[in-house]
Structure formats: C-alpha cells, structure tokens
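Just below is one structure, and these are the notes that go with it.
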Amino acid sequence: MKKIFSLVLVLALTLALGIPALAAEADETAVPEITLSADAEKVPAGKTVTLTLSLTGELKDINSFEYYIRYDPAVVELAESKAGAASDLTKIGTPPEANYKTGEGDTSKAVTVSAVKLADTGVFSMTGGTVAELTFTVKADAATGASAGFTLEKVAVCDKTFVNDAVKVAQELLENGYVTGRPYLGISYFAVTDAQTAAQLGVNAYGVYIVEVVKGGPADKAGLQAGDRIVSVDGSEVATQSDLGTLMQNHKAGDTIEITVARGGQMQTVNVTLGEKGADNS
C-alpha cells in the first residue's frame, strides 16, 4: 500500500555571498531524488534568479506529490512560474499561510508544487527531468547580503515504492521484514492547499482528503470513504499532511483513535482501531 515519507532540504541564496545549488548525492540504489538548484550564485537587486525543481529517476505508481518552496518576501518576490515536463498533472500555487507558517513571527511565504490524481486507479508516474521552474525578482530595496531564505520542504509523496531507510529500523527489517508496532490506518491521502487544486478536484475546502481506502483495513472497517476530508484526530485539527503524520506517530498498533471527517456537508466521527503496518500492508 501507500507509504508516506518526508524530507526537508534547504537552499540558502544570498545576494552578496554565493552558495552552490543544493543537490543530493546519488546512491547505489538509484532511489528517485528531488533537488532544488539556482541559475545564479550572486544576484543583485532588481535582477532575477530562477529556481529549478528537478526529479532524478522516476516516481512510479504515486497518487500525490507535494512540495513547498519557502522564501523571504522582504528580499524576493515571485515573478513567473511554469510546470516542467516531469508530469502533466503538476500545478503551482500558493498554499494557505496556516499550512506552512511555523509560528508567530514567521514572515516567510511559500509556493506549492503539487500533482494529484483522483480516479479509479488513483496512480500516475513522474519521469526524470524538470518538475517546475520558479523565477524570483530580487527587490530593489533588499539589503545587501540579505538571504532569500529559499527552503524546499517535502510535504508528502504517497507511493508504493519507497522504503524507510532509517538506520534505527534496520535490525527489525532484517528480523521481521517490517518495523513492528507502527500504526496502520489503511488509507492514502492528499492535502488540497490552494484554490487552483481545489477547483481542479471539485472541492470547496482546503484540507486533507482521503484518496483511497484499503479494503478490509482499519479505516474501511470504521466506515471511512474516499473523498472524506479529515478534520481532526482525537480532537486535534488536521490541516496538512504533516499534521496527520505527526498525530499518527503518537500512536501504536492496537490504539483506538477518534477521527472526524467532513462528508457531503456533514461532520461524522468514527472510532478506528489501528492495525500494524507490516510486510503485507506497507
């Protein structure tokens, strides 16, 4: 079934001191990688810099893909954006501030690059190449030496192919073939974070939507359905994919959680007993 994994990469672009573009090193397993690069290391006020979000390798059988590119609006402003050839489903937009703000005093802004497919199969593939290009103009009043604060944050990629490569789980993988005790809900999901994506999918609210429910899984047994918008878990609001992931990490297999969803204009609350994520459902 689908796996959710997250990774945060940072590219700091300064106006006075150039910092090389960020690129992850290729490993021997040829796992697909997302990188962010800039076409210039030093950018004077009034000029532009173009960031390229690229995919090395191929993402197969995924049903959602979403990244945020944060930046400092006091230093740069978005001038132009365009989707690349990696997928014809790619959309570029602006997420709600609540989805990416880290707290009071956070003045950053963000661009969201996403792709999603809600259909009978619900899956698509992304080929290697350019995912998106974003051109920013350095503001005329930007302070010399100021950082644009570009940050690439993976919100989520729901797919079948990635595995947990954390060193701490290696022994359990060797012994059991999977990491024991991890909670299993039995859904794949996607966060709608901008008006363009909401219009594309025909939904009228931002939030985390269930894309697929695994037949016979915990969510299915509790009555959750594809198209449900997850509102809260145990009373804690769910606005982003990371919200749901964090809340799930607070539980273990066998726990019963209370999930509230919006369906057909009505709120419904169900109790879900979490299964164990293992070799047959991971």
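Values as computed for the structure displayed
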read-out	value
Per-region count, segment 213-258, residues of a type in the set (Asp, Glu), touching a strand residue (DSSP E or B) at 6+ places or on another chain (Cβ under 6 Å) and surrounded by 17 or more Cβ atoms within 10 Å (Cβ to Cβ)	1
Hey, Glu212 within 19 Å of the chain's Cα centre (by Cα) and farther than 21 Å from Pro96 by Cβ or not	yes
Test: residue in segment 253-267 that is in contact with a Pro (Cβ under 6 Å, 6 or more places away or on another chain) and modelled with pLDDT of 80 or more	yes
Count - residues of segment 70-96 that are within 20 Å of Ala38 (Cβ to Cβ) and within 16 Å of the chain's Cα centre (by Cα)	3
Residues of segment 33-64 that turn out to be at pLDDT below 85 and among the hydroxyl-bearing types (Ser, Thr, Tyr), as a count	1
The one condition in (1) surrounded by 16 or more Cβ atoms within 10 Å (Cβ to Cβ); (2) β-branched (Val, Ile, Thr); (3) at pLDDT below 70 that Thr90 fails to fulfil	(3)
Output for segment 205-248, where each listed residue is in a helix (DSSP H, G or I) and touching a residue at least 60 places away in the same chain (Cβ under 8 Å)	Gln241, Ser242, Gly245, Met248
Residue match in segment 22-29 (condition: in contact with a strand residue (DSSP E or B) (Cβ under 8 Å, 6 or more places away or on another chain) and either modelled with pLDDT of 80 or more or closer than 30 Å to Asp220 by Cβ (or both))	no
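The values are calculated or read from the model by the stated rules, or taken from the named source; none is laboratory data. Bear in mind the structure is a predicted one, so any value in this text is a computation, not a measurement. As a convention, Cβ positions derive from the backbone with ideal geometry for all residues, glycine included, and neighbour counts pool all protein chains shown.
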